[in-house]
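Enquirer: Dropping a structure here in structure tokens format, bear with me for questions.
The values are calculated or read from the model by the stated rules, or taken from the named source; none is laboratory data. Bear in mind that the values here come from a model prediction, so they are computed numbers and not experimental data. For neighbour counting, all protein chains shown are included, and Cβ atoms are generated from backbone atoms with ideal geometry for every residue, glycine included.
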Amino acid sequence: MGRRSVSRSRVIVSGLLAAALLAGCAAEPMQPASVSSSSAVPPEYQDRPDGDIVVPAVNPKYLNERNRRRWVDYTGPEEPGTIVVDPYARLLYHVVEPGRAMRFGVAVGKAGKGFSGNAVVGRKEEYPHWTPTKNMIRNDPALYGPLAGGLKGGLDNPLGARALYLYRGGKDTYYRIHGTMDPSSIGRATSAGCIRLFNQDIMDMFDEAALGTKVKVRSRAESLMMEGPVVELHTGYVVPADATDVIAQDEAAYQAGLEQDYTQFEQEQHAAAVASAEERGASGN
């Protein structure tokens, strides 16, 4: 993956949802807010002009070691050019050359664990339109009912700046690799969606992944073999199971009331997300 030096300006900060997703691949419709860019933001995550749109910078507090893109040694069997998705370790690899890959942190929705095996990029969209599935509307009518007509593409769209659509045997798998309107979700499990990256990451992946690019989605067994077991912290991030010091510090902070459990945070934000959906549905946005 290329290392681009670009300038960016604002960050989307949004509430998370606890909505269930039974079919298809989509993400949560949230209300964005903006903050200023920071000199602490690495060049590849600064605000990025994109036609008439400026993609906001990523807040540096979300760029932890597992989330930020980085070159790594790669020991998997996949050939160069392949995208490898690990929904359990919440990582994505773009294998660039034998033994080397660019690694990205990803957010994983429920649909992100509903598919494994081989596929290809069969379709690519910039600022894709998003429509909730019938199952989503049926399962959470308060949240998705107002948005049944869908949302036009843009920075406040759940699919973010770009989307790669995975196909198998010439048919859409309904599995997506896409951007996000909520950068705080990267590295965490979410209630809806497939595999999402920071918008800057999916934009570069979009440019480098041609139609027909091979994609491998690991099963749980493959993830354990390649990455080893992971533990989810109270913050919602995962770390290797042998990172005992980090796990102990997280537990101590939670017991001391210094951090809120991520699941509880998602539940508390659901009401705010419903109100946002009602407002946006009424305005046609």
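Enquirer: For the stretch 42-63, does any single residue satisfy the condition of being modelled with pLDDT under 85 and either surrounded by fewer than 20 Cβ atoms within 10 Å (Cβ to Cβ) or assigned to a strand (DSSP E or B) (or both)?
Expert: There is no residue in the stretch 42-63 that is modelled with pLDDT under 85 and either surrounded by fewer than 20 Cβ atoms within 10 Å (Cβ to Cβ) or assigned to a strand (DSSP E or B) (or both).
Enquirer: Ok, one more. So the check is Cβ under 6 Å with 6+ separation or different chains; which pairs have a first residue in the stretch 125-154 that's surrounded by 14 or more Cβ atoms within 10 Å (Cβ to Cβ) and a second one that's part of a helix (DSSP H, G or I) and not hydrophobic (A, V, I, L, M, F, W, C)?
Expert: Pro132/Tyr144; Met136/Tyr144; Ile137/Tyr144; Ile137/Gly145; Pro146/Glu278; Pro146/Gly281; Leu147/Gly281
Enquirer: Go through the stretch 246-262 and report how many residues are modelled with pLDDT of 90 or more and closer than 12 Å to Leu233 by Cα.
Expert: 9
Enquirer: Within the stretch 189-203, which residues are touching a residue at least 60 places away in the same chain (Cβ under 8 Å) and surrounded by 24 or more Cβ atoms within 10 Å (Cβ to Cβ)?
Expert: Thr190, Ala192, Gly193, Cys194, Ile195, Arg196, Leu197, Phe198, Asn199, Gln200, Asp201 - these are the residues of the stretch 189-203 that are touching a residue at least 60 places away in the same chain (Cβ under 8 Å) and surrounded by 24 or more Cβ atoms within 10 Å (Cβ to Cβ).
Enquirer: Need the failing condition index for Val84 against (1) of a type in the set (Val, Ile, Thr); (2) out of contact with any Phe, Trp or Tyr (no Cβ under 7 Å at 6 or more places or on another chain); (3) surrounded by fewer than 23 Cβ atoms within 10 Å (Cβ to Cβ); (4) part of a strand (DSSP E or B), just the number.
Expert: Failing condition for Val84: (2).
Enquirer: Sticking with this one: Is one or more of the residues making up the stretch 208-224 within 15 Å of the chain's Cα centre (by Cα) and among the basic types (Lys, Arg)?
Expert: Checked against the condition, which is being within 15 Å of the chain's Cα centre (by Cα) and among the basic types (Lys, Arg), the stretch 208-224 yields no hits at all.
Enquirer: Can you pull out the residues in the stretch 155-181 that are surrounded by fewer than 17 Cβ atoms within 10 Å (Cβ to Cβ) and among the charged types (D, E, K, R)?
Expert: Within the stretch 155-181, Arg168, Lys171, Asp172 meet the criteria.
Enquirer: Out of curiosity, is Ala107 in contact with a His (Cβ under 6 Å, 6 or more places away or on another chain), under 25 Å from Thr82 (Cβ atoms) and of a type in the set (Gly, Ala, Ser)?
Expert: For Ala107, the condition - in contact with a His (Cβ under 6 Å, 6 or more places away or on another chain), under 25 Å from Thr82 (Cβ atoms) and of a type in the set (Gly, Ala, Ser) - is not met.
Enquirer: Let me ask another. For the stretch 88-121, what are the residues that are of a type outside the set (Val, Ile, Thr), surrounded by fewer than 19 Cβ atoms within 10 Å (Cβ to Cβ) and assigned to a strand (DSSP E or B)?
Expert: Of everything in the stretch 88-121, those that are of a type outside the set (Val, Ile, Thr), surrounded by fewer than 19 Cβ atoms within 10 Å (Cβ to Cβ) and assigned to a strand (DSSP E or B) turn out to be Glu97, Arg100, Gly117, Asn118.
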